[in-house]
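Asker: Here you go, one structure.
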Amino acid sequence: MNRPSLAALAFLLVAINCDVYFTYGPGVEQWSLISKYCDGDRQSPINLNTEQAQPANEGGPLQFVNLKENPSKVRVYNNGHTVVFSLTYPASKGVTIKGGPLDGTFKFASLHFHWASEHTVDLERFPLEMHMVFYNQEFGSLYKAQFQPNGLAVLGYFFEVRSGTDSRRWIDSLKSVTKAGSKYTFVHPNYMNLAKIIGAKIKPYFYYPGSLTTPLCYESVSWIVQKEPLAINSAQLKLFDLLKSKNGYMKNNYRPVQELHGRTVLMFDE
């Protein structure tokens, strides 16, 4: 479809938390007062320990459909907690993913960022983490899927600074949304071709069952976190530090790592 449904918009309000007041830093300890799920046993993010991750012995490759399609519209929104990129595709050209550890077909909704990273790898934190949010098509909408145990899949990608990395035009759009509540629509939506951003290869990666990393912390997410980071140059990384919340510059918008509580982390390798 060419425009997001009311249900999809409602999901973005909840999952990206435009309508839930919360803070990072010391305020994170109070999230359980906002939602009981934030004190659950299947919370995210976590530390991804490469030595303790179990090799995955089954499950075919993750398969993208329409990943190389150009979106027909791209909007970027500073919601005061993060920056959200919403992509619209022509009818029947929406991006989906299936296979690997996933049970069902999941449709792409949006992507957003945390700086520094939320997940850590062997206790190492990266300067930036991107979350690509998908929902299980079985439930018909993003809004309905967020409440289901198998409702969401989030692909996580780390970024690291590498000298000589070319600037990405879609990241330059951050210059237009520095103030909380500001929005910008791309003049050239093809700048945000997902295949060119993440590439076709998504192994090796970690997988574990978890939650949304902001209130209301629903435990409905299948997490797929790419082990190898993507590249960004230092000038474009600094653009994230220029984004503002309602109370100043938006920095360190990440939740501390949570306890595993007996969960198994799988490693899907080459």
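Asker: Quick one: Leu128 ticks every box in (1) touching a residue at least 60 places away in the same chain (Cβ under 8 Å); (2) at positive phi bar one, so which box is it?
Answerer: (2)
Asker: Follow-up question, since we're still on this one. Please go through segment 67-93 and give me each residue that is part of a loop (DSSP other than H, G, I, E, B) and either closer than 25 Å to Arg255 by Cα or open to solvent by 20 Å² or more (accessible area, probe 1.4 Å) (or both), ordered by number.
Answerer: Lys68, Glu69, Asn70, Ser72, Asn79, Gly80, His81, Thr82, Pro90, Ala91, Ser92, Lys93
Asker: Ok, one more. Just to verify a result, which residue in segment 103-125, among those that are out of contact with any strand residue (DSSP E or B) (no Cβ under 7 Å at 6 or more places or on another chain) and in a loop (DSSP other than H, G, I, E, B), is farthest from Lys93 (Cα to Cα)?
Answerer: Going through the qualifying residues, I end up with Asp122.
Asker: Then there is this: Considering only residues that are part of a loop (DSSP other than H, G, I, E, B) and modelled with pLDDT under 95, look in segment 229-261 and name the one that is least open to solvent (accessible area, probe 1.4 Å).
Answerer: Met250
Asker: Sticking with this structure for a sec: Looking at Glu138, is it open to solvent by 50 Å² or more (accessible area, probe 1.4 Å) and either outside any loop (DSSP other than H, G, I, E, B) or of a type outside the set (Asp, Glu) (or both)?
Answerer: Spelling it out, Glu138 is indeed open to solvent by 50 Å² or more (accessible area, probe 1.4 Å) and either outside any loop (DSSP other than H, G, I, E, B) or of a type outside the set (Asp, Glu) (or both).
Asker: Glu219 passes all but one of (1) more than 20 Å from Asp122 (Cβ to Cβ); (2) in contact with a Leu (Cβ under 6 Å, 6 or more places away or on another chain); which number fails?
Answerer: (2)
Asker: Something else: Pairs only if they're at least six apart or on different chains, beta carbon under 8 angstrom, first in segment 184-211 and aliphatic (A, V, I, L, M), second part of a loop (DSSP other than H, G, I, E, B) and open to solvent by less than 60 Å² (accessible area, probe 1.4 Å); list them, first residue then second.
Answerer: Taking only residues 6 or more apart or on different chains, the pairs are Met192/Pro71; Met192/Phe186; Leu194/Leu67; Leu194/Val95; Ala195/Leu67; Ile197/Arg168; Ala200/Leu67; Ile202/Leu62.
Asker: I would also like to ask the following. Taking the stated definitions as given, is Gly181 open to solvent by less than 60 Å² (accessible area, probe 1.4 Å) and in contact with a strand residue (DSSP E or B) (Cβ under 7 Å, 6 or more places away or on another chain)?
Answerer: So Gly181 fits the description; yes.
The values are calculated or read from the model by the stated rules, or taken from the named source; none is laboratory data. What you see is a predicted model, and the numbers here were worked out from it, not measured in a lab. Please note: Cβ atoms are built from the backbone with ideal geometry, for glycine as well, and neighbour counts cover all protein chains shown. Heads up: the accessible areas ignore ligands, DNA and RNA and are worked out on the full protein's heavy atoms, side chains in. Shrake-Rupley method; radii C 1.70, N 1.55, O 1.52, S 1.80 Å.
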